[in-house]
Amino acid sequence: MKKSGLFLVAGALLLASALASAQTPMRIRGTITSFDGNVLSVKTRDGKDVKINLTPDFGVAAAKAVTLADFGPGAYVGSTAKKNAAGQLVASEVHRLPPQAKAGHTPWDTAPGDTMTNANVAKVVKTANGNELTLEYQGGSEKILVPDGTPIVDFAPGDKSLLVAGATVFVGATVAADGKITAGRVAVSKDGVKPPQ
C-alpha cells in the first residue's frame, strides 16, 4: 500500500476513535417510568422522556436519611447551596459522594445561582440558624450554613429491584455522538428518601 493510502487509513482510524470517545456528560433527574433489561426509562424533571442504557456491571445506590453527625471529619460529601443576601452560602441539601466524584466548588444546574461543593468535611459548628459546615478541597474551602430540616442523604448499596416505576433517580450519564445515553450507576429513592435533585 502506498504511503498516502496508509495515511488515509490511519486518519480514518483516528477519526473513528475520536468519535467513539466523544462522550458528553449529562445529569438526569426524574422519575422512573420503566426498567426493561438494562434500559432504564426516566421522565425528567422538565418533562422529557429519556432512555438510559445501563452498563452490564451497573451499581445501584439507595438513598437514606441521616444527620450531619453521621458525616465525621474527612467524610467526602457534596452540598448544593446558594448565597443569601448576606453573601453566605446556604445549603439546600448535603449528600455523601462516591470517591470518583471530582472535588471543587462550581456552579450547579439545579437552579439559577446554585453551586455545588464537593469536598471533605473539616468541621461542623452549631449556630443559632442551624449548623455551619466547613468543607475543604485541594486549593480551597467553603463555609456553608445548613439550616435545621435541610435534607441530609447518605447512600447504601442497593440492587435493581429498587428500579421500579415511580422511584426517583439521579443519574450521572454520558451521551455518545449518536445520542445513546449510558450510565454505570443509579442513585434511587428508598422508603420515601430521595437522592438530591
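Tabulated data
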quantity	calculated
Scope the stretch 106-117; condition in contact with a Ser or Thr (Cβ under 8 Å, 6 or more places away or on another chain) and either hydrophobic (A, V, I, L, M, F, W, C) or open to solvent by less than 60 Å² (accessible area, probe 1.4 Å) (or both); matching residues	108, 110, 114, 115, 116, 117
Residue in the stretch 71-78 that is within 23 Å of residue 120 (Cα to Cα), of a type outside the set (Phe, Trp, Tyr) and not in a loop (DSSP other than H, G, I, E, B) present	yes
Residue 75 open to solvent by 30 Å² or more (accessible area, probe 1.4 Å), of a type in the set (A, V, I, L, M, F, W, C) and modelled with pLDDT of 95 or more	no
Identity of the residue in the stretch 78-105, within 13 Å of the chain's Cα centre (by Cα) and over 30 Å from residue 37 (Cβ atoms), that ends up most open to solvent (accessible area, probe 1.4 Å)	102
Which listed residue, of 147, 157, is under 29 Å from residue 73 (Cβ atoms) and either of a type in the set (Val, Ile, Thr) or open to solvent by 80 Å² or more (accessible area, probe 1.4 Å) (or both)	157
All positions within the stretch 100-143 that are within 25 Å of residue 25 (Cβ to Cβ), not small (Gly, Ala, Ser) and not in a strand (DSSP E or B)	100, 102, 108, 109, 110, 112, 114, 138
Inter-residue pairs, beta-carbon under 6 Å, first basic (Lys, Arg) and buried (at least 19 other Cβ atoms within 10 Å of the Cβ) and in the stretch 24-41, second modelled with pLDDT of 95 or more and in a strand (DSSP E or B), 6+ apart	29/170
Positions within the stretch 44-70 being more than 15 Å from residue 172 (Cα to Cα), part of a strand (DSSP E or B) and basic (Lys, Arg), in sequence order	64
Subset of the stretch 119-138 [open to solvent by 70 Å² or more (accessible area, probe 1.4 Å) and in contact (Cβ under 8 Å) with a residue 12 or more places away in the chain]	123, 129, 136, 138
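The values are calculated or read from the model by the stated rules, or taken from the named source; none is laboratory data. Here the structure is a predicted model, which means the values were calculated and not measured. Cβ atoms come from the backbone with ideal geometry, glycine included; neighbour counts cover every protein chain shown. Side chains included, ligands, DNA and RNA excluded: accessible areas come from the protein's heavy atoms. Shrake-Rupley method; radii C 1.70, N 1.55, O 1.52, S 1.80 Å.
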